[in-house]
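I have a structure I would like to understand better, so I am pasting it below and will then ask my questions one at a time.
The values are calculated or read from the model by the stated rules, or taken from the named source; none is laboratory data. Everything numeric in this text was worked out from a predicted model, so none of it was measured. Note that we place each Cβ from the backbone using ideal geometry, even for glycine, and neighbour counts take in every protein chain shown. Note: accessible area is taken over every heavy atom of the protein model, side chains too, but ligands, DNA and RNA are not part of it. Shrake-Rupley method; radii C 1.70, N 1.55, O 1.52, S 1.80 Å.
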Amino acid sequence: MSQIITREQLKSLISELVKADTLVAAPVATEKGTCFFQYVNESARVVLDAGTSVANSIKEFFFPRHEEICRFVRQANDVVVTDAPVFDKRQVIFGVRPCEASSLPVLDPLFAWDYQDRFYQSRRANTTVVSFACTHTDPHCFCSDMGGSPDNASGSDALLFDLGDGSFEVRTFSDKGKALFEGRTSSSDRTGKACEAPAKTLDLDAIRHWIDAHFNDPMWDEETYRCVGCGACTYSCPTCHCFDIVDEGSFAKGKRVKNWDSCQSALFTLHASGHNPRGTQGQRQRQRISHKFSIYPAKFKVFLCTGCGNCTRVCSTSLGVKPMLDKIADKTKQK
């Protein structure tokens with residue numbers, strides 16, 4: 001028997017969580033109709049539609065855009081440093097796409113590698129991820145190529161399948177998911193299913209070999225002349241994680257913070273001397289693609305991409321990862 005919950009019951013659950021001082025994030029529509037993941041304080045603002053496309057990534061609820069690491073105060077000849085507290089609240093994120101949720105297991109080893117990032121890890125431990133199986137795909141989706149699917153459960157504590165009548169089948173995959181929906185569902189013989197998966201078109205092994213062998217290929221520049229270096233692709237990507245650490249304040253007191261950064265920015269690798277080892281947009285795009293499909297998998301045995309297509313959707317010139325991979329795939333077939 002399957003377990004069913006209605007959309008209204010989901011909204012009631014959100015209201016109860018908010019009243020219990022749980023942080024709740026979910027898709028919220030702007031006046032122009034675009035949806036963004038935001039913290040909410042009422043269920044009425046939440047868009048609980050499995051077909052909703054959300055413009056930003058859930059990574060900001062685990063890896064915030066701006067995060068304090070520590071504070072410092074000068075006292076006479078000493079500097080007193082106080083660590084920032086770790087995240088200790090309960091947090092639930094609703095309406096996540098499988099390709100977004102699957103980014104979390106991809107990022108987990110990075111934040112537990114040579115340094116245990118207690119800020120990220122505490123957010124992961126205290127967060128429940130509730131995903132919706134996809135009801136449709138678009139031309140930007142390529143989750144199948146990355147080992148995913150419209151009903152991929154990786155990274156999700158619970159996965160909901162739209163039954164088309166205002167109710168959802170609930171499938172749970174963790175203790176957090178089971179606890180969230182315990183006593184809130186009813187038994188049914190109905191089961192849901194996701195939409196058809198995008199066709200596989202990429203040979204990632206061949207692409208990786210081409211990347212490793214063509215560091216100075218003119219393709220990198222030729223394909224990125226139209227890139228304006230805005231960084232929207234990296235900010236919307238669920239797996240991009242570049243950041244900078246800066247001190248804010250004065251000589252007497254201040255704080256050290258971690259801020260998002262982007263490898264597509266011309267300032268990203270600019271040296272104090274004025275030299276920039278990635279001085280062109282082509283070199284910066286090469287770094288982005290190489291990191292995702294060669295460097296990261298060499299280190300962590302997993303590609304730094306889930307095939308979500310966010311980068312191409314938000315790109316003002318329709319660049320993004322998939323068009324670059326398609327071009328490289330064409331190169332691998334040339335003799």
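Of the listed peptides 70-76, 43-49, what is their order by residue-averaged count of other C-beta atoms within 10 Å, with the highest listed first?
Highest to lowest by the protection proxy: 43-49, 70-76.
Here's something else I'd like to know. Starting with the highest mean, order 209-222, 159-172 by the number of other Cβ atoms within 10 Å, averaged over the residues of each peptide.
Ranked by mean Cβ neighbours within 10 Å, highest first: 159-172, 209-222.
Tell me the per residue accessible area of the range 8-152 using a 1.4 Å probe; a whole number in Å² is fine.
Value returned for the range 8-152: 46 Å² of accessible area per residue.
With every protein chain present, what is the per residue accessible area of the range 220-297 (1.4 Å probe, Å²)?
Here the residues of the range 220-297 average 47 Å² of exposed surface.
Measure off, as a whole percent, the carbon and sulfur share of the 1.4 Å-probe accessible area of the chain, all protein chains present.
Working: 8150 of 16320 Å².
Here carbon and sulfur together make up 50 percent of the probe-accessible area.
With r as the distance between the Cβ atoms of ALA76 and ASP165 and R0 = 51 Å, compute the FRET efficiency 1/(1 + (r/R0)^6) and round to 0.05.
Result of the calculation: an efficiency of 0.15.
Alpha carbon centre of the range 1-75 versus the range 250-303: separation in Å?
29
Which of the residue pairs LYS19/LYS89; LYS89/LYS193; LYS19/LYS193; LYS258/LYS301; LYS59/LYS200; LYS178/LYS301 have a Cα-Cα distance greater than 22 Å in the structure shown?
As for pairs spanning more than 22 Å Cα to Cα, those are LYS89/LYS193; LYS19/LYS193; LYS258/LYS301; LYS59/LYS200; LYS178/LYS301.
Pairs of alpha-carbon atoms within less than 8 angstrom and 6+ residues apart define the contacts here; what relative contact order does the range 8-61 have, in percent?
Taking the mean separation of contacting Cα pairs over the length of the range 8-61, I get 31 percent.
Something else now. Using Cα pairs closer than 8 Å and at least 6 residues apart in sequence, work out the relative contact order for the range 111-267, in percent. Don't skip to the end; give the middle numbers.
Numbers: 166 pairs, mean separation 27.5, N = 157.
Across the range 111-267, relative contact order equals 17 percent.
Now for a different question. What number, rounded to the nearest 500 deg cm²/dmol, is the helix-based mean residue ellipticity at 222 nm of the chain, given -39500 (n - 2.57) per DSSP H run of at least four residues and division by all its residues?
Calculated from helices alone, the mean residue ellipticity at 222 nm is -7000 deg cm²/dmol.
Would you list the membrane-span-like helices of the chain, meaning whole DSSP H runs whose alpha-carbon atoms span at least 20 Å along their axis and whose mean Kyte-Doolittle value is at least -1.0?
The qualifying helices: there are none.
Hey, another quick one. Could you compute the net charge surrounding GLN283? Neighbours are other residues with a C-beta less than 12 Å from the C-beta of GLN283; K and R count +1, D and E count -1.
Surrounding charge for GLN283 is +2.
Sorted by average packing, counted as other Cβ atoms within 10 angstrom per residue and highest first, what order do 88-98, 50-60 take?
For the peptides 88-98, 50-60, the packing ranking is 88-98, 50-60.
Given the options TYR115, TYR235, TYR39, which has the most mean-square fluctuation in a GNM of the chain, springs set between C-alpha atoms less than 10 angstrom apart?
The residue with the greatest mean-square fluctuation here is TYR115.
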